[in-house]
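Peer 1: Can you read through this structure? Questions will come right after.
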Amino acid sequence: MSAETSPTILVKRTFTKQELLKNREAPGKKKGLTAGTWIHDLCALKKVITLCPGCTHKFNPGRLGYIREKEYPAVQATCDGCNIFDIRCTAYFFEETYRTVRSTAADRRANRTASLRRLATEGHL
Amino acid sequence: MEFIYLLGGGTPTIKKYKADAAIVAGTLVLQAASADAGIVPSTTTSWVNSAGLAMDAGVLAVGAPVTYSTTQGDPEYIVSTLINPNAVLRVLMVSSATNAQLEGRVVGTASANGLTAVGTTGETDPSNPDMVNGTVWYTGGGQGGVSRRIVSTTTTLTVTVQVPFAANRIGDTFCTVPYSPCLSGTAGAILTMSTNLLNVRAELAPTGATATVVDIETNGRSNSYIHVLPMDSIFAGQLT
């Protein structure tokens with residue numbers, strides 16, 4: 001007597017754009033890799049580092065050429081140390097990349113001041 | 001492009017996403033239109049289904065080349081992306097695909113009533129591409145730094161404003177761009193980016209990628225910016 005096979009019901013599911021993008025999120029550090037090693041790997045590649053309040057004090061940004069995002073003291077991100085999504089992460093940017101992707105009030109003030117100084121120097125004000 | 005602030009305040013959200021192609025830090029990234037390995041770069045004229053602003057670029061392995069690769073065994077290309085749909089971006093205005101600085105215009109005919117700024121023969125016709133609804137500001141002369149919204153243009157190198165400037169003089173310098181605060185153009189299509197996708201081409205009429213101008217920084221020819229809000233984020237809660 002042959003074993004009966006149970007019928008398989010295929011249900012087509014339509015994924016939303018948000019679900020599709022969620023699947024494209026990077027998985028974070030591999031199992032077995034220590035957080036410190038992983039973060040040093042990220043730093044070597046000049047990536048943005050996001051650390052939760054429990055992990056952030058273990059990171060010394062200055063030694064690795066990183067600076068802390070100060071205008072936004074908290075960002076929502078997955079912690080690169082413990083791989084947990086946290087709404088109070090701190091973001092660290094590689095210093096050379098920072099000015100390419102962030103505009104701070106200090107930068108804008110300096111830009112404006114330079115512009116006004118040029119006008120004054122050239123006698124337009 | 002630079003992330004400048006969130007409209008309404010709040011906290012930035014940064015995700016590390018897999019990418020489908022090489023991406024440059026400071027450019028907008030999009031959701032791919034079809035089957036793909038991840039997010040894709042924007043184009044010079046499209047921000048459709050944007051995922052956010054790329055905050056870095058590169059792969060996740062020390063010693064590996066920081067390039068996108070489909071070679072077997074190579075590490076994935078991962079990009080930190082700021083995904084807030086209400087993120088305002090600061091974009092440098094340039095006047096060519098290769099990032100030339102804005103065209104400097106020189107007053108050739110003085111205007112006593114301050115309602116017009118008339119350029120000099122040889123300069124680009126401000127009515128083609130049309131700078132109407134854009135901004136004119138003086139970069140030199142007695143009114144350095146003063147700006148107005150353009151209400152009309154003519155083929156005779158003239159831009160007209162509604163709220164008059166003080167009288168100008170021959171030799172005063174000024175710039176015109178087709179952008180002004182609150183401009184959203186036809187269905188929001190206003191931005192044509194330079195080839196490197198970092199700067200906006202202000203010598204063209206507003207068309208291309210969908211965004212709204214939040215603010216404008218009028219400085220010199222090489223350091224003037226617009227602040228824009230991308231209008232087609234996939235995280236904005238819209239259905240298309």
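The values are calculated or read from the model by the stated rules, or taken from the named source; none is laboratory data. Quick caveat: nothing in here was measured; it's all calculated off a predicted structure. All Cβ positions, glycine included, derive from the backbone under ideal geometry; neighbour counts span all protein chains shown. Heavy atoms of the whole protein, side chains included, go into the accessibility calculation; ligands, DNA and RNA do not. Shrake-Rupley method; radii C 1.70, N 1.55, O 1.52, S 1.80 Å.
Peer 1: So which residue, out of A:Leu20, A:Leu64, A:Leu51, gets the largest mean-square fluctuation from a GNM of chain A using Cα contacts under 10 Å as springs?
Peer 2: A:Leu20
Peer 1: Ignoring ligands, DNA and RNA, what percent of the 1.4 Å accessible area of segment B:82-240 is carbon and sulfur? Display every interim value, and only then the final one.
Peer 2: Details: 3420 of 6050 Å².
It is 56 percent, rounded to a whole number.
Peer 1: Across the residues of A:41-51, average count of Cβ atoms on other protein chains within 10 Å?
Peer 2: Numbers: counts 4, 7, 1, 6, 12, 5, 10, 10, 3, 6, 0.
For peptide A:41-51, the averaged partner shielding equals 6.
Peer 1: Which trypsin sites (Lys or Arg not before Pro) from segment B:141-217 combine a DSSP loop assignment with at most 14 other Cβ atoms within 10 Å? Mind dumping the intermediate values first?
Peer 2: On the way: sites: B:Arg148, B:Arg149, B:Arg169, B:Arg201; in loops: B:Arg169.
When the trypsin sites (Lys or Arg not before Pro) of segment B:141-217 are filtered for loop state and at most 14 Cβ neighbours within 10 Å, B:Arg169 remain.
Peer 1: Just subtract the alpha-carbon distance of B:Glu76 and B:Leu7 from 0.36 nm times their residue separation and send over the number in nm, one decimal. Present the calculation step by step, with values, prior to reporting the outcome.
Peer 2: Numbers: separation 69, 0.36 × 69 = 24.84 nm, distance 3.27 nm.
Contour length minus Cα-Cα distance gives 21.6 nm.
Peer 1: Here is a follow-up. Under a point spin-label approximation (7 Å from Cα along Cα-to-Cβ), what is the B:Val48-B:Asp130 distance to one decimal in nm?
Peer 2: Distance between label points: 2.5 nm.
Peer 1: Continuing with the same structure: For chain A, what is the largest minus smallest coordinate of the Cα atoms on each principal axis, given in angstrom and ordered from greatest to least?
Peer 2: Extents along the principal axes: 102, 35, 24 Å.
Peer 1: While we're looking at this one, here's another question. Checking the table A:Lys17/A:Lys70; A:Lys12/B:Lys18; A:Lys12/A:Lys47 against a 30 Å threshold on Cα-Cα, which pairs fail? Show your work: numbers first, answer last.
Peer 2: Numbers: A:Lys17/A:Lys70 32 Å; A:Lys12/B:Lys18 25 Å; A:Lys12/A:Lys47 38 Å.
As for pairs spanning more than 30 Å Cα to Cα, those are A:Lys17/A:Lys70; A:Lys12/A:Lys47.
Peer 1: Continuing with the same structure: Just the number, please: buried accessible area between A and B, total of both chains, 1.4 angstrom probe, nearest 100 square angstrom. Display every interim value, and only then the final one.
Peer 2: Values: alone 10150 and 10920 Å², together 17180 Å².
The buried area between A and B, both sides summed, comes to about 3900 Å².
Peer 1: Under unit Cβ charges (Lys, Arg +1; Asp, Glu -1), what dipole magnitude, rounded to 20 debye, does segment B:106-204 have relative to its Cα centre? Don't jump to the answer; show the numbers that get you there.
Peer 2: Numbers: 4 positive and 5 negative charges, 44 e Å.
The calculation lands at about 220 debye.
Peer 1: Follow-up question, since we're still on this one. Set the Förster radius R0 to 25 Å, insert the Cβ-Cβ distance between B:Arg169 and A:Ala110 as r into 1/(1 + (r/R0)^6), and round the FRET efficiency to 0.05.
Peer 2: Values: r = 30 Å, r/R0 = 1.21.
The computed FRET efficiency comes out at 0.25.
Peer 1: Using only alpha carbon positions, build the gyration tensor of the protein assembly as shown, then give the equivalent ellipsoid semi-axes as the square roots of 5 times its eigenvalues, largest first, whole angstrom. Before the final figure, lay out the partial values.
Peer 2: Details: eigenvalues 413, 121, 53 Å².
Ellipsoid half-lengths, sorted descending, are 45, 25, 16 Å.
Peer 1: On to the next question. Answer with one residue from A:Ala120, A:Phe85, A:Ser103: the one whose Cα lies farthest towards the positive end of the charge dipole of segment A:71-124, charges on Cβ with Lys, Arg +1 and Asp, Glu -1.
Peer 2: A:Ala120
Peer 1: Any idea what the dipole of segment B:1-145 comes to, in debye rounded to 20, about its Cα centre with Lys/Arg Cβ at +1 and Asp/Glu Cβ at -1?
Peer 2: Details: 5 positive and 10 negative charges, 67 e Å.
Dipole magnitude for segment B:1-145 comes out near 320 debye.
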